[in-house]
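Student: Can you keep this structure in mind? I'll have questions shortly.
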Amino acid sequence: MADQNTVFVQMALKAWNGQVNNANKFFAAISDDDMQKEVAPGKNRIIYLLGHLIAVNDGMIKLFGLGDRLYEDYDFPFLKSADKM
């Protein structure tokens, strides 16, 4: 059974890392000016979504027992507050 669990964990990590790589490519291709634009009229800005992704991923470090968080100060502006407050 351990082998099956190992395979599932490896699959999940591979998929997770693939999505992180896709996000990195997406955000790397966006200019600083475009980061301030809303994704749709009246919706969050791209910079806010990036901060939100960083804060959520950072929270998973502690959740999975992998160590201490690196960006705990991102919680208030990107998880507990709305964009453009």
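All of the numbers you see were taken from the coordinates with simple rules; none came from a lab. Predicted, not measured: the structure shown is a model, and the values here were computed from it. Please note: Cβ atoms are built from the backbone with ideal geometry, for glycine as well, and neighbour counts cover all protein chains shown.
Student: Do we find a residue being of a type outside the set (Ser, Thr, Tyr) and on the phi > 0 side of the Ramachandran plot anywhere in region 18-27? It would help to see each step written out before you state the result.
Tutor: Initially, region 18-27 is screened for residues of a type outside the set (Ser, Thr, Tyr), giving 18-27.
Among the residues that remain, those that are also on the phi > 0 side of the Ramachandran plot are: none.
There is no residue in region 18-27 that is of a type outside the set (Ser, Thr, Tyr) and on the phi > 0 side of the Ramachandran plot.
Student: Please find, within region 21-48, the residue that is farthest from the chain's Cα centre (by Cα) out of those that are among the aliphatic types (A, V, I, L, M) and either part of a loop (DSSP other than H, G, I, E, B) or within 25 Å of Ala82 (Cβ to Cβ) (or both).
Tutor: Ranking the candidates gives Ala40 first.
Student: Could I ask something else about it? Quick check on my filter: what residues within region 25-62 are of a type in the set (A, V, I, L, M) and loosely packed, with under 10 Cβ neighbours inside 10 Å?
Tutor: Passing the criteria: Ala28, Ala29, Ala40.
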